[in-house]
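One structure is given here, and the rest of the page talks about it.
What follows draws every value from the coordinates through simple rules; no lab data is involved. On a predicted model such as this, the values are computed, not experimentally measured, just so you know. Methodologically, a virtual Cβ is constructed for each residue, glycine included, from the backbone with ideal geometry; neighbour enumeration extends over all protein chains shown.
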Amino acid sequence: MAFRPDARRLAVSAPNGELTLWDTTDPARPGRAGRLRLGRGIVAAAWNPAVSDRLATASTDGTGAVWRVGDDRTPEMLARWRALPDRPRHVGWVAGGTRVFVMTATGRTTVWEVAGGACVGQSDLSGGRPVVAAHYRRDEVVAVTGTGWARAWVPTRQPGEWVRLTGKPVSACAWSGAWLVVAGSDGQAACFDAEFQPVHALRVARERPYALACPEDGRLIASCGDNWAVAVDRGGSVRWESYLAPSAARSIEVAGDLVAVSGDQPRPVILALADGAIMTGEHV
């Protein structure tokens, strides 16, 4: 799932490989705004941080693509390339939104220039370690492993040194412009700054979170489980809790003043970031 930074479009993938675009301009009544499919199905998507109508996707057959998703036009594919020989799991942007990275669950990564389609670099970033999350830090691709390590890579260079984040298994991660949050299966989390320096530890949930999300300013950390979503502040105080239908929340994203959660149900649930109020019906 990927929430556009302006909170007006949400991309949600389905088990059949179809990516549904939702218009969340009116969070009480999200409506379908288009469908995307490529290769044998899309498994990951990410919005460009600088150009609001650009969406990068990765498909099960290793195909990467960039789409123009305007508010008043049919989605249009702008670029397509064979990114990986294996099934990807992560996709994202680097270098101010001019490059796209695609990564497998075991860290095999390629980076491509959007303009011209040239391959900038390839790397086995995690050495085969399972990757829980991938994101960007300036011109670097960052991988966080399930064993609690992080590694950054500038595509034109060799991967950097491994950084030990935690000695516990990692179940979920989130990052913003302010910090990186790494949570374990017990709901305890460690927070780091952009240089991977520890900031503090806190509890983000009472049980294992499936996913985490942060607004850009890092003022809250939202997490979700089978039938719940919760947000805590930087000090670890619970700001709100919301209870949802069973299996309604397997992934979570934050954009603007909204929180989107998605699970087994076809339609996402939208909550208010301020108080966790459910803004759209779970079974609409």
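Structural remarks
- Amide H partners (placed H, <5 Å) of N227, local residues excluded: S247
- When every Cα-Cα distance of the chain is counted in 10 angstrom steps from zero, the calculated P(r) takes the values 7, 31, 38, 22, 3 percent.
- Isotropically averaged projected area of region 116-182, using the convex hull of Cα atoms (one quarter of hull area), nm²: 5.0
- Part-to-part distance (alpha-carbon centres) for region 74-143 and region 172-213, which is given in Å: 23
- As a calculated quantity, the FRET efficiency between N227 and T25 at R0 = 25 Å, using C-beta atoms, amounts to about 0.40.
- Counting beta carbons within 10 Å around each of L125, L244 and listing the fewest first gives the order L244, L125.
- Potential lengthening between A245 and D186 on full extension [0.36 nm per residue; Cα-Cα distance subtracted]: 19.0 nm
- In the frame of its principal axes, region 38-164 has Cα extents of 46, 29, 23 Å, reported largest first.
- Alpha-carbon Rg with Dmax, taken over region 1-108, Å: 13.1, 41
- Inter-probe distance in nm under a simple model that places probes 7 Å from Cα toward Cβ, at D86 and R37: 2.7
- In units of the rule-of-thumb radius 2.2 N^0.38 Å, region 165-260 shows an alpha carbon radius of gyration of 0.98.
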